[in-house]
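Following: one structure in structure tokens, then a few remarks.
All of the numbers you see were taken from the coordinates with simple rules; none came from a lab. Just so we're clear, the structure is a prediction, and the values are computed from it rather than from any experiment. Note that each Cβ is placed from the backbone with ideal geometry, even for glycine, and that neighbours are counted across all protein chains shown.
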Amino acid sequence: MTERQRQRQRQPGDRLVPERVLRWNAAGWTLFGLLPPAVAVLDASPARRHWMLALLAAVALCHTAVLVRPDNRVLRPHAYLVVLALVLGATSWLLNGGAAFYTVSLPQFWLLARAPRDAVALSVAAAALTVLGSTLGQGWSPQFLTGNVVFTAAAYGAGTGLGLWVHRFVGRSNERQQQLTNELSTAQEELMVAYQERGAAEERERIAREIHDTLAQGFASIVVLAEAARAASVSDPGRCAEQLTSIEQTARENLAEARVLVGSAPESGVAPGSPATTLRRTLDRFVQDTGLTVTAELADVDLDQRTRVALLRCTQESLANVRKHADASTVGVVLTEHAGVVELEITDDGHGFVVEESRGFGLDGMRRRLAELGGDLAVTSSLGDGTRVFARLPTHSQD
């Protein structure tokens, strides 16, 4: 809102009029309302001329004050219209007729009045004063009813009819505009709520995925290691000690990941550096915990942190599936880069599964994680033929 628009704020019940309309009316009123009486009185007696010019100057100043500062405490628009009606009566007396001046001034009663009933009352008062002023100035004559009075009455009737029609039309337009504004506001609020709900759902999904990829897998590893350690506690104490060490290390890693999830750690638990180093460390832990044979061809590629995390999570999820479901003896992991794309392939010689019937959270979570980075995931498997997980991601410069 501009400063002028703020100045045009009125009391409750006031009608707001566009400033452009007021400016155009002021220009027309000055040209066709004030100037003709001022010119007409130049040949009159000095006293009559001075009174006329003084009245015109006074009403022009009042009109300017109302346009510039409608909220001033000295002269409100309603009070100005009363002054205008009195001036119309006085100038009509000085000119022996003021129907033309009244007609040109008539729109102001509809533009500045608070309500249509005020415009009707003030304009009829101005018409009466105009007729009275001309009557006092020229006295009764046979031309009275066909001249100034008829013209003034006709202007009042036409102006009132037109003013009421315009007011009704503008009122309906304002109601429709207000309705559309309310509907737009409601739609914006609903859209904001939808965005908030969507954001909350996406955040819950992200947290669920992170919990599944980190804490849940870690706890599953702890359970498996604890069962193995209990079984080996009598027959193989050395193996039991190794598994207890793995349980401790997994628990510490889970604790670190939990701190990341609750915000007490700034970044993912994946340390910066070569993804090959990170993946090899993960594979070594997998071999230590399961005793399976793992072959790895890991290229030394330079990737940003989010891509490294995505590759690690895919590897961890795939290895967890091998441990829980595949009943495999050998796992192969290949990491390569070419043409701006890094590829991760994980295969096993387990009993496989029907991909179309899989409804696990892990595979869907991997697909969404890769899709967020512009990548994709392909899973190929069949019963008795093992499983192949193939992930592709665009490479980015290191963070």
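Here are some notes:
- With contacts taken as Cα pairs under 8 Å at a separation of at least 6 residues, the chain carries a relative contact order of 9 percent.
- Spin-label proximity, residue 376 to the stretch 328-353 - amide N less than 12 Å from point 7 Å beyond Cα toward beta carbon: none
- Dividing the summed -39500 (n - 2.57) terms of all DSSP H runs of n ≥ 4 by the residue count of the chain sets its mean residue ellipticity at 222 nm at -22000 deg cm²/dmol.
- Two-site FRET efficiency, residue 124 against residue 191, from Cβ-Cβ distance with R₀ of 41 Å, rounded to 0.05: 0.20
- Stokes-Einstein translational diffusion, the chain - Kirkwood Rh over all Cα pairs, 1.306 mPa s, 10 °C, in µm²/s: 54
- Between residue 233 and residue 282, the C-beta separation translates, for a Förster distance of 30 Å, into a calculated FRET efficiency of about 0.65.
- Under the criterion of Cα pairs below 8 Å and six or more residues apart, the relative contact order for the stretch 308-382 equals 28 percent.
- Which of 192, 215, 394, positive extreme of dipole for the chain (C-beta unit charges): 192
- Cα-centred dipole magnitude for the chain, charges only on beta-carbon of K, R (+1) and D, E (-1), debye, nearest 20: 3760
- Shape call, the stretch 180-248: gyration tensor on alpha carbons, a/c limit 1.5: prolate
- Dipole axis of the chain (+1 Lys, Arg; -1 Asp, Glu on Cβ), positive-most option in 161, 303, 86: 86
- Semi-axes of the equivalent ellipsoid for the stretch 49-100, computed as √(5λ) from the eigenvalues of its C-alpha gyration tensor and ordered from largest down, come to 23, 11, 8 Å.
- In a simple Cβ point-charge model (Lys, Arg +1; Asp, Glu -1; nothing else charged), the stretch 46-135 has a dipole of about 140 debye relative to its Cα centre.
- Just so you know, the Rg over Rh for the stretch 311-388 is 0.96, from Cα atoms, with Rh as the Kirkwood radius.
- Net dipole in debye of the stretch 292-367 [+1 Lys, Arg Cβ; -1 Asp, Glu Cβ; about Cα centre; nearest 20]: 360
- In plain terms, if you count all Cα to Cα distances in the stretch 14-105 and split them into 10 Å steps from zero, the share in each step is 16, 49, 28, 7, 0 percent.
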